[in-house]
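Everything on this sheet refers to the single structure shown next.
The values are calculated or read from the model by the stated rules, or taken from the named source; none is laboratory data. What you see is a predicted model; the values in this text were computed from it and never measured. All Cβ positions, glycine included, derive from the backbone under ideal geometry; neighbour counts span all protein chains shown.
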Amino acid sequence: MNRFIFPVLGKLYQFPKIVLLGLTLIVLILSTQYHRLHLDASADSLVLEGDRALDVYRDINKRYGSEDFLVITFSPKEPLFSNAALATLQSLKEELQALQQVSSVVTILDVPLLYSPPVKLSELSEGIRYLSNDATDRALARAEFTNSPLYSQLLTSENFDTTAIQVNLKRDDTFFKLLYERDQLRDKQTVEGLTPSEQQALESAEQAYSDYLVESNNRQDVLVENVRNILDGYRDRGTLYLGGVPMIASDMIDFIKNDIVVFGIGIIVFIVLLLAVIFRRIVWVLLPLFTCLMAVAVMLGVISMLDWKLTVISSNFVALLMIITLSITIHLAVRFRELSTDYTQSSPFELVMNTVRYMLRPCLYTAVTTIVAFASLVVSGIRPVIDFGWMMTIGVTGAFVVTFLVIPAGLMLVPLKRSKAIKVSSQSPAFTLFFAKVADKYSAWVWLLSFILLAVSIIGVSQLKVENRFIDYFDENTEIYQGMEVIDQKLGGTIPLDIIIRVNSQSKEVAQLDRPLSDVNNDNNKVETDTFEDISFDVFDAGLEDPFGDKPSTTFGYWFTRHGLTKIEQLHHHVDQLEETGKVISLASLYQVMKDVTGADIDDFQLALIGQNLTDDIKRALVNPYISKDGNEARITVRVKETSYQLNRNILLEQLEEYLQDEMGLSRSEYELTGMLVLYNNMLQSLFSSQIVTLGAVFFAITLMFTLLFRSLFMALIAITPNLLAAGMVLGGMGVLGIPLDMMTITVAAITVGIGVDDTIHYIHRFKDEFAKDQNYVATMYRCHGSIGRAMFYTSVIIIIGFSILTLSNFTPTIYFGLLTGFAMFSALLGSLVLLPRLILTLKPLGKGVQ
């Protein structure tokens, strides 16, 4: 390194103005790409990368012609069924319906009423009433919304103080076309590889999808804003909350924007105050601050150029990059000031070169270990975490290069006045000597406390969990939290689960024996398949065009027979009885209504008659969303109560699979569990394996690097021990406190090790140099604590307080990430200043030394 790197750096530092102007020019060129910097909070950011269940989910949505929608909860000041409240509901519906992106709006005014009064089979085609009809008996309608298997706890709360409005959005066919083209090429690339022309087509498809996603997000933001503006005009008439996946995505983008601004400003203020307190010189405030801003400016340009989108996870990169850059500058600053005090006759160039010569190697290794930590995140399998890992990997690399250009060049232009320098030599008293005394005089207590912390960490790690409430990701004051709470507690649950069951040949044969001859010939008839999306709140859609273009028919295949409906009814009833589930809807709901209005059981012949008499509205609302085009697949939609503290998604899904196989006799190919609950659960269940893989990769890589750096496996193992304990403490602390693993917290342990070992590297590097002077372990330890120990303390305090700024976020995982990482860095600092020197004094890895 000395032979090649330092001559090049020496020539660069002789022209500091050119260095700084060159960096400024690079930033200006990269800034031309800033317009390509975009944010993303789509549902894809919450699922596991490459999850087969994601393909199933998209296929089901495509097959059923699903649409996005918004949900509005309305709690009127007047009684819900009063003229005033219904008039408000009608007016609100009309304003929402007028929005360009809205296909239909569904309220209690628009769903077919089959009990108000009960409709005879012969009247199905003409006797359906709606609450909007003047002749409808509101008392009967109220009873129907309370007791109907279709509407109870779906459109109104039990006490009728709240109702739901579903705003169906027009299906964006272009978006799904681009998504399908991209995914098709991705799948082929994974399975069999791509030809050069196909690889080029994939790159074009990726770019087309990425560009269109930005347009789609912008339109979605405008829509959500317009809906909110409409709702603002009605807030004097009741309490209104907006919900739904598009709204959550839009608000999360606002959170990202807010976090970037707040974190950036907070870190800048923190840097200025901290540097002013530590160094008390304006040059040591402005120079590190300029370095941090340059590093962030470069990285923003790189991210924009690579077309990476910021998510709630990667939005932290601005704060983290500034913190890491600042920690490197602190080490350079402390060493430069030491040399400027000890070598008063040296020129500024000599001081700069000596500082760089001494600090380049340890800073390089600390940067590499940090890079390794972030690079390990790419194996997590979660797209936002993967992108975050790559961003920080490139960012830390850039921060290292920028720091070793800007700081030396700046010092050449604005050298410190020696008379103003604060003496920081090995003989000067330092507060960090307290830690040296603890390691030296209280070794028994150090060992005892370390073993206690290790035991507690092991116990805590064994109690780690991944189950959490999605609603807890958001502050209680946010509309996301409040809206989800109302829907979950009053309107039947929030998180969606679809159960798809498929007909087998044996079921068909049994059903065929039960059917009248007049109905047998209808098996091959086509069915209308207008559907709507059931993502987080399943109301009924009205007015969608037929996505398949088929003409309606009067029969619906196997599942619309008595035998098929009985099987659906069995599953429907079982799911409905589970404590975790809210509203359940399927063909069994309509079947029960039909039995109620007829007052008797219904055979296949009557079912055929009913199929002939169903109106298009009833088919769209009550049949088509729950049966496939060919009639061989039935869909049971379930809304799970997300706010329940007892909810364990994985156990719930396992119990459902057990029931489907053991009680209903279905093979694995004859059913499918899908929906956001399944996707989210798969992501959560991957967190344990992701944590093990990332930590394993980090420890292996860093131990190998330590072995090469210190040229001793024994010293490498000593160096890694305090950081292993720090990582165990943060994970164990999470287990003891009941903090679950999530997309953010799985990164804490790996990042802790990657950044925490920086102190270890600097300490051992200095210890080896100091030890060579007198071969005295104890004296060397005190000298190290009085010099490099101070820089370690400063940088650790910077990192700890810097991470605490993340608590200003509206996203709870980010808050936990900041607090836990700060705690972990505090643990790593104590380990480096107390446990590490104690290990060195006891094990004597550099030889026996002198007494």
- Message: Quick check on this structure: which one of Thr174, Thr163 is touching a residue at least 24 places away in the same chain (Cβ under 8 Å), in contact with a helix residue (DSSP H, G or I) (Cβ under 8 Å, 6 or more places away or on another chain) and either of a type in the set (D, E, K, R) or surrounded by 18 or more Cβ atoms within 10 Å (Cβ to Cβ) (or both)?
- Response: Thr163
- Query: Taking Thr393 and the conditions (1) in contact (Cβ under 8 Å) with a residue 40 or more places away in the chain; (2) touching a Phe, Trp or Tyr at 6+ places or on another chain (Cβ under 8 Å); (3) more than 21 Å from Ala791 (Cα to Cα), which numbered condition does it fall short on, given that it satisfies the others?
  - Reply: (1)
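Kindly provide the set of residues from the range 188-201 that are closer than 21 Å to Arg52 by Cβ and surrounded by 11 or more Cβ atoms within 10 Å (Cβ to Cβ), ordered by number.
Applying the first criterion (closer than 21 Å to Arg52 by Cβ) to the range 188-201 yields 188-194.
Lys188, Gln189, Leu194 - these are the residues of the range 188-201 that are closer than 21 Å to Arg52 by Cβ and surrounded by 11 or more Cβ atoms within 10 Å (Cβ to Cβ).
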- Message: Taking the conditions exactly as written (modelled with pLDDT of 90 or more and more than 24 Å from Ile800 (Cα to Cα)), does Leu709 satisfy them or not?
- Response: no
- Query: What single numbered condition from (1) modelled with pLDDT of 85 or more; (2) under 23 Å from the mean Cα position of the chain (by Cα); (3) aliphatic (A, V, I, L, M) fails to hold for Met683?
  - Reply: (1)
- Query: Out of curiosity, is Ser667 within 30 Å of Ile627 (Cβ to Cβ) and of a type in the set (Ser, Thr, Tyr)?
  - Reply: yes
- Message: Name the residue that is nearest to the chain's Cα centre (by Cα), counting only residues in the range 267-282 that are surrounded by fewer than 18 Cβ atoms within 10 Å (Cβ to Cβ) and assigned to a helix (DSSP H, G or I).
- Response: Ile268
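Report, by residue number, each residue of the range 221-262 that is under 22 Å from the mean Cα position of the chain (by Cα) and free of Cβ contacts under 8 Å to residues at least 24 places away in the same chain.
Kept after step one, since they are under 22 Å from the mean Cα position of the chain (by Cα), are these residues of the range 221-262: 221, 224, 242-262.
Across the range 221-262, the qualifying residues are Asp254, Val261.
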- Query: Any idea which of (1) at pLDDT below 80; (2) in contact with a His (Cβ under 7 Å, 6 or more places away or on another chain); (3) not β-branched (Val, Ile, Thr) is the one Ala588 doesn't satisfy?
  - Reply: (1)
- Message: If I filter the range 304-338 down to residues being under 16 Å from the mean Cα position of the chain (by Cα) and hydroxyl-bearing (Ser, Thr, Tyr), which single residue comes out as nearest to Ala276 (Cα to Cα)?
- Response: Ser315
- What's the number of the condition Leu453 fails, among (1) touching a residue at least 40 places away in the same chain (Cβ under 8 Å); (2) closer than 19 Å to Tyr782 by Cα? (2)
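Out of all the residues in the range 473-483, which are touching a Phe, Trp or Tyr at 6+ places or on another chain (Cβ under 8 Å) and not polar (S, T, N, Q)? If you could, list the steps in order and put the result at the bottom.
Kept after step one, since they are touching a Phe, Trp or Tyr at 6+ places or on another chain (Cβ under 8 Å), are these residues of the range 473-483: 473-475, 479-483.
Result: Tyr473, Phe474, Asp475, Glu479, Ile480, Tyr481, Gly483.
With respect to Arg142, is the statement that it is within 30 Å of Leu86 (Cβ to Cβ), surrounded by 14 or more Cβ atoms within 10 Å (Cβ to Cβ), outside the structural domain of Asp616 (by TED's automatic domain parsing) and among the charged types (D, E, K, R) true? Don't jump to the end; show me each part of the working.
On the way: within 30 Å of Leu86 (Cβ to Cβ): yes; surrounded by 14 or more Cβ atoms within 10 Å (Cβ to Cβ): yes; outside the structural domain of Asp616 (by TED's automatic domain parsing): yes; among the charged types (D, E, K, R): yes.
So Arg142 passes the test.
Please tell me if Leu377 is at pLDDT 85 or above, aliphatic (A, V, I, L, M) and part of a helix (DSSP H, G or I).
Values: at pLDDT 85 or above: no; aliphatic (A, V, I, L, M): yes; part of a helix (DSSP H, G or I): yes.
For Leu377, the condition - at pLDDT 85 or above, aliphatic (A, V, I, L, M) and part of a helix (DSSP H, G or I) - is not met.
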- Quick one: which residue in Ser304, Ser204 is surrounded by fewer than 21 Cβ atoms within 10 Å (Cβ to Cβ), closer than 30 Å to Ile328 by Cβ and of a type in the set (Ser, Thr, Tyr)? Ser304
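Tell me yes or no: at least one residue of the range 638-647 is of a type in the set (Asp, Glu), closer than 22 Å to Gly493 by Cβ and assigned to a helix (DSSP H, G or I). Talk me through it step by step, then tell me what you get.
Step one: list which residues in the range 638-647 are of a type in the set (Asp, Glu), which gives 642.
Narrowing further to those that are closer than 22 Å to Gly493 by Cβ: 642.
Next, only the ones that are assigned to a helix (DSSP H, G or I) stay: none.
There is no residue in the range 638-647 that is of a type in the set (Asp, Glu), closer than 22 Å to Gly493 by Cβ and assigned to a helix (DSSP H, G or I).
Does Gln189 satisfy the criteria of being modelled with pLDDT under 85, of a type outside the set (Asp, Glu) and outside any helix (DSSP H, G or I)? Talk me through it step by step, then tell me what you get.
Values: modelled with pLDDT under 85: yes; of a type outside the set (Asp, Glu): yes; outside any helix (DSSP H, G or I): no.
Answer is no for this residue.
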- Item | Selected residue (criterion: farthest from Thr73 (Cα to Cα)) from residues of the range 189-233 that are of a type outside the set (A, V, I, L, M, F, W, C) and touching a strand residue (DSSP E or B) at 6+ places or on another chain (Cβ under 8 Å) | Asn217
- Are any residues in the range 694-711 surrounded by 15 or more Cβ atoms within 10 Å (Cβ to Cβ) and either polar (S, T, N, Q) or not in a helix (DSSP H, G or I) (or both), and if so, which ones? Thr694, Thr703, Thr707
- Item | Glu181 being exposed (fewer than 14 other Cβ atoms within 10 Å of the Cβ), under 30 Å from Leu37 (Cβ atoms) and free of Cβ contacts under 8 Å to residues at least 60 places away in the same chain | no
- Task: Determine the pairs where a residue that is assigned by TED's automatic domain parsing to the domain that holds Met705, located within the range 352-371, has a partner that is in a helix (DSSP H, G or I) and aromatic (Phe, Trp, Tyr) with Cβ atoms under 6 Å apart, the partner being 6 or more residues away or on another chain.
- Result: Val352/Tyr13; Thr355/Phe336; Ala367/Phe400
- Query: Any chance the range 150-173 includes a residue that's at pLDDT 85 or above, assigned to a helix (DSSP H, G or I), over 24 Å from Ala98 (Cα atoms) and not hydroxyl-bearing (Ser, Thr, Tyr)?
  - Reply: no
- Task: State which residue pairs qualify: first residue without any contact (Cβ under 8 Å) to a residue 60 or more places away in the chain and farther than 17 Å from Leu310 by Cβ and inside the range 204-220, second residue of a type in the set (Val, Ile, Thr) and surrounded by fewer than 18 Cβ atoms within 10 Å (Cβ to Cβ) in any location, beta carbons under 8 Å apart, and separation of 6 or more residues or different chains.
- Result: Tyr212/Thr174
- The condition of being closer than 24 Å to Gly582 by Cβ and either of a type in the set (Phe, Trp, Tyr) or at pLDDT 85 or above (or both) holds, among Leu70, Leu140, only for Leu70
- Message: Condition first: assigned by TED's automatic domain parsing to the domain that holds Arg502, modelled with pLDDT under 85 and within 28 Å of Thr494 (Cα to Cα). Can you find one or more residues in the range 591-614 that meet it?
- Response: yes
- Within the range 815-826, of all residues that are surrounded by fewer than 24 Cβ atoms within 10 Å (Cβ to Cβ) and in contact (Cβ under 8 Å) with a residue 60 or more places away in the chain, the one nearest to Ala716 (Cα to Cα) is Phe823
